[in-house]
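Here is the structure we will look at, set down as structure tokens.
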Amino acid sequence: MNKKVNILFLGGAKRVSLAEKFIGLSKETNSEINVLSYELNDEVPIGFVAKVVIGLKWNDEKLYDHLKETIKTYEINIVIPFLDTATLIAAKLRTIISNDIFIPVSELELSELFFNKIKANEWCIKNNIPVPNDITTYPLIAKPITGSASKGLVIIQNNEQLDKLENKGNFLIQKFIKGKEFSVDIYVSPNSKEIISMVVRERLETQGGESIKSITVKDANLISFCEDIINKSKLIGPLTLQVLKENESGKLYFMEINPRFGGAVLNSIEAGANSPLYLINDYLGIKNERNDNWQNNLLMIRRFTEYYKLCK
């Protein structure tokens, strides 16, 4: 008899393709894989491929009790977050719930560190990881400390603009680097703590801070740079690391790490780094082997699609 595996997405409203990837692993893993998603309402795209569980807001004082009730009611085996706040919720949930539930996220303290840009910047300096901290010449870039998806970024061209920047303490200010941006999709096994896959993607076009056009790139120097960061960080599970390569010098700079699946991870999965399979294997107790045999120069172009639902 196939083992039933119920996966709860936290805030996976738009992650239809990734849900389909998980569900599609049923035959390969000899399991019956079902996806549910914890949302504020059922008018979300993922409802067309998964069951929507109506949940509470992330700041609701009853959230953890409701999540525990949801996990029990729907016999959830795996919990996967898809938003920054949801990742912190999942990390805390892991400390207050049965060990039988597989939550492949890093410890809460680590997740909080990398969601705070100033703390992450200080961590990089301490660990000899290059960051664009030379702020003696313009232009500069001001990044909200806990911002995401490129929201709230401010380009500063001179002293006057810097002086007029409100609430400076809420920003990380760095040198503005002209260069290529790369996202690196990584899976670190929570069981073995080993890097299982690491795929570099050049971000060719973005919308709302998320890559809608990217191409896989086998760059040994860039991969080595990222491996050093991940090994020092002790992060686990699915991760997304962003790196900047300066146009003139070719120097690499750390931008940020999101300790969760990135929005454009489908590019890496399609290239051959099947992180959903690695995650399911870890839950089932099947050892994953390192996979560097992913396809180079695989271009992904994303599009919108439409779903229709007759409402009462």
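Below, the figures for the structure above:
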{"quantity": "Mean shadow area of the stretch 133-175 over all directions, Cα convex hull, nm²", "calculated": "2.8 nm²"}
{"quantity": "Potential lengthening between residue 32 and residue 158 on full extension [0.36 nm per residue; Cα-Cα distance subtracted]", "calculated": "39.5 nm"}
{"quantity": "Proportion of all alpha-carbon pairs of the stretch 136-268 beyond 23 Å (%)", "calculated": "38 percent"}
{"quantity": "Placed amide H near residue 5: partners under 5 Å, 5+ positions off or other chain", "calculated": "32, 33, 34"}
{"quantity": "Entries in 178/218; 126/168; 21/119 that, when Cα-Cα distance is taken, lie over 25 Å", "calculated": "21/119"}
{"quantity": "Built amide H within the under 5 Å cut-off of residue 42, gap 5+", "calculated": "none"}
{"quantity": "Kirkwood Rh (inverse of mean 1/r, distinct Cα pairs), the stretch 247-294, angstrom", "calculated": "13.2 Å"}
{"quantity": "From the C-alpha gyration tensor of the stretch 89-212, square roots of 5λ in Å", "calculated": "32, 18, 14"}
{"quantity": "log₁₀ of I(q)/I(0) at q = 0.15, 0.23 Å⁻¹ - the stretch 1-103, Debye sum with one point per alpha carbon", "calculated": "-0.57, -1.31"}
{"quantity": "Among 99, 30, 49 the positive-end extreme of the charge dipole of the stretch 1-103 (Cβ point charges)", "calculated": "30"}
{"quantity": "D (Stokes-Einstein, µm²/s), Kirkwood Cα radius, the stretch 206-312, 0.692 mPa s at 37 °C", "calculated": "204 µm²/s"}
{"quantity": "Under-5 Å amide H pairs with residue 106, H placed in peptide plane, nonlocal only", "calculated": "236"}
{"quantity": "Residue with peak Gaussian network fluctuation, the chain [Cα springs, cutoff 10 Å], from 236, 286, 118", "calculated": "286"}
{"quantity": "Three-way shape call for the stretch 89-134 based on the alpha-carbon gyration tensor, with the a/c threshold at 1.5", "calculated": "prolate"}
{"quantity": "The stretch 272-281 - phi-based ³J(HN,Hα) in whole Hz, Karplus 6.51/-1.76/1.60, Gly and Pro as x", "calculated": "x, 9, 7, 4, x, 5, 4, 5, 5, 4"}
{"quantity": "Neighbour-count ranking [beta-carbon atoms within 10 angstrom, fewest first] of 123, 58", "calculated": "58, 123"}
{"quantity": "Ranked list, fewest to most other Cβ atoms within 10 Å of each Cβ, for 84, 228, 219, 185", "calculated": "228, 219, 84, 185"}
{"quantity": "Relative exposure of 201, 303, judged by other C-beta atoms within 10 Å (fewest first)", "calculated": "303, 201"}
{"quantity": "Cα centroid of the stretch 231-306 to Cα centroid of the stretch 29-73, whole Å", "calculated": "25 Å"}
{"quantity": "Shape metrics for the chain, restricted to C-alpha atoms - Rg then Dmax, Å", "calculated": "19.9, 69"}
{"quantity": "J(HN,Hα) series, the stretch 66-80, from Karplus relation 6.51 cos²θ - 1.76 cosθ + 1.60, nearest Hz, glycine and proline x", "calculated": "5, 5, 4, 5, 4, 4, 6, 4, 9, 6, 6, 9, 9, 10, 10"}
{"quantity": "Of 143/180; 14/62; 72/232; 14/312, pairs whose Cα-Cα distance is over 27 Å", "calculated": "72/232"}
{"quantity": "Length released on extending from residue 286 to residue 48, taking residue separation times 0.36 nm less the Cα-Cα span", "calculated": "82.6 nm"}
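Readers should treat all values here as calculations from the given coordinates under stated rules, not as data from a laboratory. Computed from a prediction, not measured in an experiment: that's the story for all the values here. Backbone-built Cβ (ideal geometry, glycine too); neighbour counts: all protein chains shown.
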